[in-house]
Each structure stands twice: as structure tokens, then as C-alpha cells.
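Enquirer: Mind looking over this structure? Questions follow.
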Amino acid sequence: MSHYNFVKKCRICSSKNLELILDLGEQPPANSLLQKNQLEISEAKFPLRLFWCKDCFLVQLLDIVSKEDLFKHYFYMTSASKPIVQHFQKYAGDIFKEFLKEQKNPLIIEIGSNDGSLLKEFKKLGCSILGIEPASNLSNIANGSGISTMNDFFSSDIAKNIVQSKNASVIVANNVIGHIENLHDLMKGIKILIGEKGVFVFEVPYLIDLIKKLEFDTIYHEHLSYFSILPLLHLMKNFGLEIFNIQKQSVHGGTIRIFVSNKDIFKVNESVKKFIQLETDLQLNKIEIYKKFSLEVKELKFKILNLLNNLKENNKSLFGYGASAKGNVLLNYCNIDHTILDFIIDTTPIKQNKFTPGTHIPILSPEKINDKGDGDVALLLAWNYEEQILDKEHNFRSRGGNFLIPIPKPILK
Ligand code: TMP
């Protein structure tokens, strides 16, 4: 049984001025795939609701499932995704060129280092590396492949221990800051580790992409914060830190890479002003945009369901493609279960022969849709890999199969 609590104040500014903007219902944790013998047992489900802080403008969950339950054993493995591995190769090269090439044996620390895919690239470039990763299955894999990794949640106490031997030249954290409940302790730890001149670089999915492309399925219990720049300015200021550059990246449905240092160490890039202007122009500091988003998500649910029901009435057999966490949110929110989708295919061996949480759809290996395989329409739950997947599955499409892309507007391809 998972532990759960509801917090009543904003994660960044502690304000109690919080507005509910979207309710996705009670859902099981999105990565809690089931074994066959668990199907009859009742599943733990928790409210999945999005709130907006009227004071610092952070969009966030306040329904918190304990981090031990979510992250001590983790299904998502970075190296399983080729596009992410390619992204990391370029990422390490860019950071090295910009900040490290003049330094002798710089130390790179990664928070939430997963299986060590990014640190491996820094190691190849001659850097010292240290990963911090709470999932024991992943830190074992990383250590086994020579990527030195501490199996723990990052905290300011851990930072104090590490800094006794060396400061970090660069700390990286990708797709993990949104998972951390105590952002103040995180920043305290960063501040300790970067010393005077180090840099903190992190990537987070961008709130504007979430809103504009209706990526409601990226909202799940693991993701506690949905960042824009405005609230981050507030957070950094508390620690005498400054955002000195922001770059847009295309991964994970639209991401921003943010560069942070102590104040006045680097020249502040024009991009920072541009992002602030963009967010002010879009009125992320007013409730209306969130109300519109919420309404559009509700409409999208019915559009997806209508299309699936029409296909079923026309005797099409339906299946899902990619048993991603976001897929599970979409399935649970739209009530799409094993009576609608016959199965879901996924390339990840540890997901195969398990069942989706809440909706109990069997997950199978991709052999199901080779030339002779069954299934007419594939609901693309891993829409972030649309290009690669449609390319890869040209046989399925050329024999008359279709993909249903669910967001931002359901279409058949
Ligand atoms: P992610 O968005 O969390 O990376 O999840 C995507 C899921 O889709 C992951 O379980 C792997 C799966 N997948 C496939 O099954 N085939 C593919 O070609 C790709 C790119 C992903």
C-alpha cells in the first residue's frame, strides 16, 4: 500500500492561494504495471489534480504519493530510448564545449542519473562523474557499467558530504526537478555543490507545450511541478542564484534547458528576457489560460472516445502502441480499458507480459504487429516518438493499418 498525503501550500512560495485547474480523477500511479496474479486485487488509486499558485504561478500537484513508493524501483530506463540517447550525446558535447574544455578533470554530478546514459557521455569526454539515483535497479545497472552512482535521493545533506572532496563544475538534472517535492532543499544542495563558479543545468518539460499541445497525459503522480520560468525566477532568487540562459529542446513533447549559476558569474543571455516576455504575453500569470486548458482537455477526452467507439462499431480491432506512463494516464482518464484495446505493444522487456494499471490491458512484445500480425488501428500512447514509430511500422501501415494520434487533436494516420 502506497503512502499518500495532501499538502496545502505552494512548493515554491508557500502561498495557500491555490486554485484547482484540472481534475483527472482517482488514478493508480502511472508506472505501477501489474502482474497477472494482481489483477483481482484492488489497486491503490489517488487523486490526480492540477493546481495553480496565484502568487508565484507554479502549476503543481498537491496530492503526493510517497517518493519511496514511486522511485525506489523504476521502470523507465533512459538507454531504452534511442532518441534520448542521441539527445544526451549532443547534450554532453555542448556542455563540455561551453563550460568544461578549459578545466582539468572537471566533476560532473547528475541528479536522477537513471542508468548512467548521460554521464557515460561525459566520461568519454574525460570528465570525472558521479550519479545520484534513488532506484536501486537503475543504480546497479549504472555501477555495473562503470558509471559511479550513489543509490539515494539527492538532498542538501548528501551535497555536504560530496563537497568535502570536491565542488562540481556542472550539475545536471534532466526530467527530475519536477519529481522533487522539497525544491528548497534541492536548491540548498545545488548551492553547496557548485561553489562559487559551478553551473547547474537542468531540463524540464515546458508548461507552454503542455498547455498548447494539450499534453494532459504528462500529468501524473511522479510529476509534482510543471514549470514555466516565472516561478523558477522566484525560487532561484531565494538562493542568490540566477538563470543566465534558457534553450528550447524538442524532447519529451517540448522541453526547456535552463542554466543557473551564482549571480553575476555569467552574462545573462537575451533568451531569459524573451521567455519572460513570452510567458507574460501568454498570461501565464492569469487564471483564464488554465481554465481554457481544462475545458479543452475535457473535450479532447470525448473526441478520443468517439473516434475509438466509431472504429469499434466498424469492426476494427484496436490496440495500443507504447505502454508509457503517459499512456496509462490517458487510458485511465478516458476510461479506455481491455474491452476497447485488445493489447498494447512495447519494446521494453520488463513491461512485457504485465498489465496496465487501472485498465488491465495486456502488454505484449512488438511481434504482434509484424506483417501477419493482428490489429487494425494502433492508439499511439508514446506520441512523443511518433516520427520514429510510424517510420519503423511502415509494414503495418502499408497493409492498411492506421495509427490514431490522440493529442492535441485525435487523427488517424
Ligand atoms: P516514454 O515516453 O516514457 O519514453 O515511453 C515510451 C514507451 O514506448 C516505452 O515503454 C518504450 C515504448 N516504445 C516502443 O515500444 N517502441 C518504440 O519504437 C519506442 C520509441 C518506444
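Enquirer: For the range 53-102, which positions are assigned to a loop (DSSP other than H, G, I, E, B) and within 15 Å of the ligand (Cβ to nearest atom)?
Expert: Y74, F75, Y76, M77, S81
Enquirer: OK, next. Of the conditions (1) surrounded by 14 or more Cβ atoms within 10 Å (Cβ to Cβ); (2) on the phi > 0 side of the Ramachandran plot, N315 clears all except one; give me its number.
Expert: (1)
Enquirer: Have a look at F396, F403 and point out the one that is outside any strand (DSSP E or B), out of contact with any Ser or Thr (no Cβ under 7 Å at 6 or more places or on another chain), among the aromatic types (F, W, Y) and crowded, with 19+ Cβ neighbours inside 10 Å.
Expert: From the options F396, F403, the qualifying one is F396.
Enquirer: Provide a single number: the residues in the range 82-133 that are charged (D, E, K, R) and within 18 Å of E203 (Cβ to Cβ).
Expert: Applying the first criterion (charged (D, E, K, R)) to the range 82-133 yields 82, 90, 94, 97-98, 101-102, 104, 110, 115, 120-121, 123-124, 133.
Then drop every residue that is not within 18 Å of E203 (Cβ to Cβ), which leaves 82, 90, 94, 97-98, 110, 115, 120-121, 133.
So the answer is 10.
Enquirer: Between residues in the range 330-349 that are at positive phi and residues that are within 16 Å of the ligand (Cβ to nearest atom) and part of a loop (DSSP other than H, G, I, E, B), which pairs lie under 9 Å by C-beta distance while being six or more apart or on different chains?
Expert: N335/T359
Enquirer: If I ask for residues that are surrounded by 17 or more Cβ atoms within 10 Å (Cβ to Cβ) and free of Cβ contacts under 8 Å to residues at least 60 places away in the same chain, which ones from the range 283-312 would you list?
Expert: Once the filter is applied, which keeps residues that are surrounded by 17 or more Cβ atoms within 10 Å (Cβ to Cβ) and free of Cβ contacts under 8 Å to residues at least 60 places away in the same chain, the range 283-312 yields only K301.
Enquirer: Continuing with the same structure: May I ask you to say which residue of E110, E121 is part of a helix (DSSP H, G or I), among the charged types (D, E, K, R) and crowded, with 20+ Cβ neighbours inside 10 Å?
Expert: Exactly one residue qualifies, and that residue is E121.
Enquirer: Within the range 378-393, can you find the residues that are more than 8 Å from the ligand (Cβ to nearest atom) and crowded, with 21+ Cβ neighbours inside 10 Å?
Expert: A378, L379, L380, W383, listed by residue number.
Enquirer: Residues of the range 329-347 being away from the ligand (no atom under 12 Å from the Cβ) and among the charged types (D, E, K, R), which ones?
Expert: Within the range 329-347, D337, D342 meet the criteria.
Enquirer: Separate question: Name the strands (runs of 3 or more DSSP E) wholly within the range 228-328 that hold at least 2 residues that are farther than 21 Å from G198 by Cα and within 16 Å of the ligand (Cβ to nearest atom)?
Expert: It comes to 318-321.
Enquirer: Name the pairs: first residue in the range 56-81 and free of Cβ contacts under 8 Å to residues at least 60 places away in the same chain, second residue of a type in the set (A, V, I, L, M, F, W, C) and part of a loop (DSSP other than H, G, I, E, B), Cβ to Cβ under 9 Å, at least 6 apart or on different chains?
Expert: These pairs meet every condition: L62/V7; L62/C10; L62/L224.
No value in this document is a laboratory result; all are computed from the given coordinates. Fair warning: this is a prediction, and the values are worked out from it, not measured in the lab. When we count neighbours, we look across all protein chains shown, and the Cβ atoms used for this are built from the backbone with ideal geometry, even at glycine.
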